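The values are calculated or read from the model by the stated rules, or taken from the named source; none is laboratory data. Keep in mind that this is a model prediction, so the values were computed, not measured. Because the Cβ atoms are built from the backbone with ideal geometry, glycine has one as well, and the counts that use them run over all protein chains shown.
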Ligand code: CTP
């Protein structure tokens, strides 16, 4: 019996898939079809797959062409499968021509003609109205978002806003953005959604105006600097049935998402402490500018509060800060929080360097994410018995902003008002921490 194997995602199963499966089956007597898992697709950069793995498997079953279905979940699995199932022929579409020649050592490799004019990507794009996205702000994070947006389907970058029109024009020209504005009223008319990456103190006003105009908003951190402002914005978004998201990029990255689910499922026992740190020796001048709400807390505290609040919640009993100040901004802050059953702490340095790692301590073991933990691609779970330690690896593509943008687009598409990866309540609580810090309460200043 001649065994043939082929692999794919098979999202929104289409005629091209059917033709391919028929041709593959015709090469032998028995067809094995490998369907990728959702995680494996995310890892290899396919962020926008519409059907989940069960739906995709069912679609392949329904073709009646597969004699056996297996799931593909890791790089290198093809060699293992070929040996395990005694495969004679590996078949794949001609779009992969040459890419699987390394399998010739194990079996025959056949590239089958690809059906022209249809693909899952095309079907996804056709079934989804393109979101006209505008960017407010032209700083480095806005630049990174422009580059990252190219990896997310369903968005078209159509407008940029900067009150300084010449800066907006330079930005638009550099990145080929059609519409340039210096005022929110005109900008808002040109977009269906906006990414707010303007100076901290303007986040609240821009976001509020955009929501009032019926626009979806992805708002950079710090979301707002006051609890009631954050709450008001979410209330407005609910009332208007709009998507409002906190752009803490770490929250949406594959590694961080998995880390949270692993810890919540009890892998390291009960969490008793979360400790995070972040520092840079090269802060931009804006980060040290008191008139623009610069300083370590506003710049970076939300990153550290993310694992703390995702794992321990926001019902802490006490919070205190120690800060070293320079020209009215905190260049170093250490924060300590206590919960009824746990503690948490973080350190932030602007011009002071420290190890930027994350340690989550539990009753059975601990989870260690090395620096830069806020751009995670690897972490380790460690136990008393070191033979049980395990390392976990993930992709963290480019600047990592594509993950949050993809989630934003998919939330708009599915009308998902709740944020699956960062509950709104926690964003509100992070704004409250900013407010407490700003009030000077529970804060000690050192020389
Ligand atoms: N395929 C094909 N003809 C098409 C589309 C896909 O022959 N028009 C083949 C691919 O070459 C591959 C298999 O179908 O062997 C599964 O591909 P998959 O990546 O699931 O489908 P695509 O439509 O290419 O998906 P996407 O657009 O997400 O890349």
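One residue alone among 180, 217, 146 is touching a helix residue (DSSP H, G or I) at 6+ places or on another chain (Cβ under 9 Å), over 22 Å from residue 414 (Cα atoms), at pLDDT 95 or above and assigned to a strand (DSSP E or B), and that residue is 180.
Of the residues 301, 276, which single one is under 24 Å from residue 392 (Cα atoms) and buried (at least 22 other Cβ atoms within 10 Å of the Cβ)?
276
All conditions in (1) over 21 Å from residue 27 (Cα atoms); (2) without any contact (Cβ under 8 Å) to a residue 60 or more places away in the chain; (3) touching a helix residue (DSSP H, G or I) at 6+ places or on another chain (Cβ under 8 Å); (4) within 12 Å of the ligand (Cβ to nearest atom) hold for residue 117, with the sole exception of (3).
Among the residues of the range 340-354, is any out of contact with any strand residue (DSSP E or B) (no Cβ under 9 Å at 6 or more places or on another chain) and either assigned to a loop (DSSP other than H, G, I, E, B) or modelled with pLDDT of 95 or more (or both)? Yes, because at least one residue in the range 340-354 is out of contact with any strand residue (DSSP E or B) (no Cβ under 9 Å at 6 or more places or on another chain) and either assigned to a loop (DSSP other than H, G, I, E, B) or modelled with pLDDT of 95 or more (or both).
Restricting to the range 436-447, what's the tally of residues that are touching a residue at least 12 places away in the same chain (Cβ under 8 Å) and closer than 14 Å to residue 335 by Cα? Selection size over the range 436-447: 8. When residue 33 is tested against (1) more than 13 Å from the ligand (Cβ to nearest atom); (2) touching a strand residue (DSSP E or B) at 6+ places or on another chain (Cβ under 7 Å), just one condition goes unmet, and that condition is (1). Taking residue 254 as meeting all but one of (1) modelled with pLDDT under 95; (2) surrounded by fewer than 18 Cβ atoms within 10 Å (Cβ to Cβ), write down the number of the exception. If we test residue 254 against (1) modelled with pLDDT under 95; (2) surrounded by fewer than 18 Cβ atoms within 10 Å (Cβ to Cβ), just (2) comes out false. Restricting 80, 95, 41 to those that are in a helix (DSSP H, G or I), surrounded by fewer than 18 Cβ atoms within 10 Å (Cβ to Cβ) and within 10 Å of the ligand (Cβ to nearest atom) reduces the list to 95. For the range 120-134, a residue qualifies if it is more than 14 Å from the ligand (Cβ to nearest atom) and surrounded by 14 or more Cβ atoms within 10 Å (Cβ to Cβ), and the qualifying residues are 131, 132, 133, 134.
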